[in-house]
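Colleague: Before I ask anything, let me first share the structure, which is written out below as structure tokens.
Taken together, the values in this text are just the output of simple stated rules run on the coordinates, not laboratory data. The structure displayed is predicted, hence computed values, not measured ones. With ideal geometry, Cβ positions are generated from the backbone for all residues, glycine too; neighbour counts draw on all protein chains shown.
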Amino acid sequence: MTRGEVARLSLVVFIFVVIQETVMLDVRIRGVHPDIMVLLPIVAGIIGGPARGATFGFATGLVSDLFLPTPFGLSALVGCLLGFAVGLATIALDRTAWWLAPLAALGGSALYEVTYGALGSILGQPQMLHVALARIVVVVSVTNAVLAIPAMRLVSWGMADASTEGMPTSDAGVGAAR
Amino acid sequence: MPRRSRRPRTTLLLLVLAAVTIITLDARGGLHVVTSGVRSVASDAFSPVRSGVNAVVEPIGSFLAGSIHYGAVREQNQKLQAEIDQLKMQSAESADQAEALRQLSALLRLPYLNTLQSVPAQVTDFGTSDFAATIDINVGRSDGVQLWMPVVGNGGLVGQVVKVSHHTATVRLITDGQSAVGTRYGPPPGSLAVVNGTGPGKPLSADLVPSNTPLTNGEVFVTSGLQGALFPAGIPVARVVSSHTGDTASQESVSLVPESDLNHLRYVSVVLWGPSA
């Protein structure tokens, strides 16, 4: 990873944190606010493949944990699992297809929220399953599906040297979805 | 040429191990000082950014809302509708200001605080996570606020400070599933019980209430203030809304609602009190 890429990705993460901690916290849909930080490992998984999705999910999860009252490290754990899973699930798909990001965001966000609640509960926070989980899943998944394409463009810009894991050799020189 | 990661599973394994290690160390206290310090620094550093962005975003939101409203006004009767809107706005503002004044005035004379000192605070955010019942307030270490200090509203106990930075703090509400408050109920000296949160928007429950205890609806549970307790004695916590004993249960099943209206909090007071006080 080059310095330029680190700088660009840091800027992307900063933009996401600012939007999440200002605009999104004020948006309440039936008591639930969207969580666009979940989008980062998802689109990173699509663009960079399982390893980079996991790494980016871990890093952005740690950043999210700075602002959350839930256990420190939990977002990082779920983020790296999600980035890896999305990278693996989309490895054989055409990553330039326009529908891939919204679809992955829809399914990935739902998976993230359920896993987050379940793992939190296992790790000594049983109250994390005593919330309106279905409502959280619907709100977060739908808003992330809507915002997936702009998020994909931003992260693509950040990941200048996106990996070609799983991509057909003929596409390798083209890079990931831009 | 683009790089190709050859060992994604190894990477994942290492990251999972790192995350589990962080969670474990944080939970066991070994890393908690570090993580809470980092969180505090992040919160302090981000606070001006948040304020700046809010200052920019809010007028845009108001402008967009006004534009939408303007279209509807022109379709009906521009002048008449504008007057109605103005009157409505005045009425809403008056009600809003009256409510703010009521909450602030009530905070000035909380009978249950006695001689305890407190710091008034404005609620700035309702929960940064969908998985926890918390609020953010605009006072922090610079105002004398420390971790685990009780927070009260005009009706009673609101929660406890669980995260504090220089100018802000996060309060875990008593409805959060992690919250457990030692209380007393019944005629003096009172029996002991623990009031637990069961999740945002859900009623509280009480533990340690023996079966067939005669509880009346509306009976108030107050903080016990036992030695080493997390709250000073005598702060109203919650009011009984229902109670019953199952056929084979050894405990009464008690449902309570918080004395403070946690859904409409605008101002609270942080009690400058710790278990060692």
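Colleague: Just checking, which of B:Leu147, B:Leu173 is under 27 Å from A:Ile122 (Cα atoms), hydrophobic (A, V, I, L, M, F, W, C), within 14 Å of chain A (Cβ to nearest Cβ) and surrounded by fewer than 19 Cβ atoms within 10 Å (Cβ to Cβ)?
Modeller: B:Leu147
Colleague: Part of a strand (DSSP E or B), under 30 Å from B:Gly144 (Cα atoms), of a type in the set (A, V, I, L, M) and touching a residue at least 24 places away in the same chain (Cβ under 8 Å): is that true of B:Ala206 in this structure?
Modeller: no
Colleague: Oh, and also: Which of the residues spanning the stretch A:6-41 are within 11 Å of chain B (Cβ to nearest Cβ), part of a helix (DSSP H, G or I) and out of contact with any Phe, Trp or Tyr (no Cβ under 7 Å at 6 or more places or on another chain)?
Modeller: A:Phe14, A:Ile15, A:Val17, A:Val18, A:Ile19, A:Gln20, A:Thr22, A:Val23, A:Met24, A:Leu25, A:Asp26 - these are the residues of the stretch A:6-41 that are within 11 Å of chain B (Cβ to nearest Cβ), part of a helix (DSSP H, G or I) and out of contact with any Phe, Trp or Tyr (no Cβ under 7 Å at 6 or more places or on another chain).
Colleague: Would you be able to tell me the number of residues in the stretch A:61-92 that are surrounded by fewer than 24 Cβ atoms within 10 Å (Cβ to Cβ), within 13 Å of A:Val38 (Cα to Cα) and of a type in the set (Val, Ile, Thr)?
Modeller: Of the residues in the stretch A:61-92, 1 are surrounded by fewer than 24 Cβ atoms within 10 Å (Cβ to Cβ), within 13 Å of A:Val38 (Cα to Cα) and of a type in the set (Val, Ile, Thr).
Colleague: Among B:Gly234, B:Gly201, B:Gly228, which is the only one that is assigned to a loop (DSSP other than H, G, I, E, B) and either surrounded by 15 or more Cβ atoms within 10 Å (Cβ to Cβ) or touching a Lys or Arg at 6+ places or on another chain (Cβ under 6 Å) (or both)?
Modeller: B:Gly234
A quick yes/no check of all residues on (1) more than 10 Å from chain B (Cβ to nearest Cβ); (2) assigned to a helix (DSSP H, G or I); (3) within 30 Å of B:Val164 (Cβ to Cβ); (4) of a type outside the set (Gly, Ala, Ser):
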site: A:Val43; (1), (2), (3), (4): yes, yes, no, yes
site: A:Ile47; (1), (2), (3), (4): yes, yes, no, yes
site: A:Arg52; (1), (2), (3), (4): no, yes, no, yes
site: A:Pro71; (1), (2), (3), (4): no, no, yes, yes
site: A:Ala76; (1), (2), (3), (4): no, yes, yes, no
site: A:Leu88; (1), (2), (3), (4): no, yes, no, yes
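Colleague: Continuing with the same structure: Can we say B:Leu208 is of a type in the set (A, V, I, L, M) and within 22 Å of B:Ala169 (Cβ to Cβ)?
Modeller: Spelling it out, it is not the case that B:Leu208 is of a type in the set (A, V, I, L, M) and within 22 Å of B:Ala169 (Cβ to Cβ).
Colleague: Something else about it: Identify, by number, the condition in (1) more than 8 Å from chain B (Cβ to nearest Cβ); (2) free of Cβ contacts under 8 Å to residues at least 12 places away in the same chain that A:Leu119 doesn't meet.
Modeller: (2)
Colleague: Going through the stretch B:204-225 one residue at a time, which ones are of a type outside the set (Phe, Trp, Tyr), surrounded by 20 or more Cβ atoms within 10 Å (Cβ to Cβ) and under 29 Å from B:Gln117 (Cα atoms)?
Modeller: Those that are of a type outside the set (Phe, Trp, Tyr), surrounded by 20 or more Cβ atoms within 10 Å (Cβ to Cβ) and under 29 Å from B:Gln117 (Cα atoms): B:Leu204, B:Ala206, B:Val222, B:Thr223, B:Ser224.
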